[in-house]
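Notes follow once the structure below has been shown.
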Amino acid sequence: MNAKLLVLLGSLFANSLLAADSAPADALIAAAKQLGEKANYSWKTTVVVPESAQFKPGPNNGKSEKGGFTYMTLSFGDNLTEAVMKGDQAVVTNQDGDWKLASELEKEEGPGRFLGAIIRGYKTPAVQAVALAGALKDVKKDGDVFTGEMTAEGLKTQFRFGEPKNPKGTAKFWLKDGELVKFQTKVTAKLEFNGNEMDVDRETTTEIKDVGTTKVNVPEAAKKKLN
């Protein structure tokens, strides 16, 4: 066997390995994109942090329709907050239960400013899943479960506030009949925020349900504020 043939076979073999390695990632990204093409869906997101953590967010429940409204509720301790988004506009209930534009809250001082920033930067699970699936390396497939480590760019999206040190993160996706039904992220880091350093250890799980049968009911007061 001559040298040229060896090189050619080596090249073909290497290309076949690359194709095999990329197949799980491609299948995962395709499934994530399909969710965004559905007419509607609901979700529930839960966050698990250590018992010692000062801030323990509650569950986030939401409903979204393609090209229309997204409605969700967020729990912060004993407080329940509602938010509605459409396009690049978002409104949220303040501490008095009144609807306010997220952009208005961002101009306030105190907790309202923080809440406004969260809602303004929020991405629906369909958008989150596509971005996350595309920011993984060494994606592995085991049945209908996909796992991978986050790239440096992917990790940046997991920390919206402060400067993380030595961040690490993994993601896990569950599919059923080729459709995305759940995804989970686990991240750790040391975070500097307002001159203080804190340990971050967070597990976030989003479950997708009622795809194609979700009804998004938006309060009239929220619609008026958006208009």
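Figures for the structure shown
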quantity: Residue match in segment 87-94 (condition: on the phi < 0 side of the Ramachandran plot, surrounded by fewer than 18 Cβ atoms within 10 Å (Cβ to Cβ), in contact (Cβ under 8 Å) with a residue 12 or more places away in the chain and touching a strand residue (DSSP E or B) at 6+ places or on another chain (Cβ under 6 Å)); calculated: yes
quantity: Residue in segment 165-186 that is touching a Ser or Thr at 6+ places or on another chain (Cβ under 9 Å) and acidic (Asp, Glu) present; calculated: no
quantity: Complete set of residues in segment 101-121 that are buried (at least 17 other Cβ atoms within 10 Å of the Cβ) and either modelled with pLDDT of 90 or more or among the hydrophobic types (A, V, I, L, M, F, W, C) (or both); calculated: 101, 102, 105, 115, 118, 119
quantity: Residue within segment 54-70 that is over 21 Å from the mean Cα position of the chain (by Cα) and over 21 Å from residue 221 (Cα atoms) present; calculated: yes
quantity: Within segment 175-227, considering residues that are within 30 Å of residue 99 (Cβ to Cβ) and small (Gly, Ala, Ser), the one farthest from the chain's Cα centre (by Cα); calculated: 221
quantity: Top-ranked residue in segment 133-187 [being surrounded by fewer than 20 Cβ atoms within 10 Å (Cβ to Cβ), modelled with pLDDT of 90 or more and among the hydroxyl-bearing types (Ser, Thr, Tyr); ranked as nearest to residue 201 (Cα to Cα)]; calculated: 170
quantity: Residue in segment 49-61 that is modelled with pLDDT of 95 or more and touching a strand residue (DSSP E or B) at 6+ places or on another chain (Cβ under 6 Å) present; calculated: yes
quantity: Residue 215 vs. criteria under 19 Å from residue 72 (Cβ atoms) and either at pLDDT 90 or above or in contact with a Phe, Trp or Tyr (Cβ under 8 Å, 6 or more places away or on another chain) (or both); calculated: yes
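The values are calculated or read from the model by the stated rules, or taken from the named source; none is laboratory data. Everything numeric in this text was worked out from a predicted model, so none of it was measured. Cβ coordinates were reconstructed from backbone atoms using ideal geometry, including for glycine residues, and neighbour counts include every protein chain displayed.
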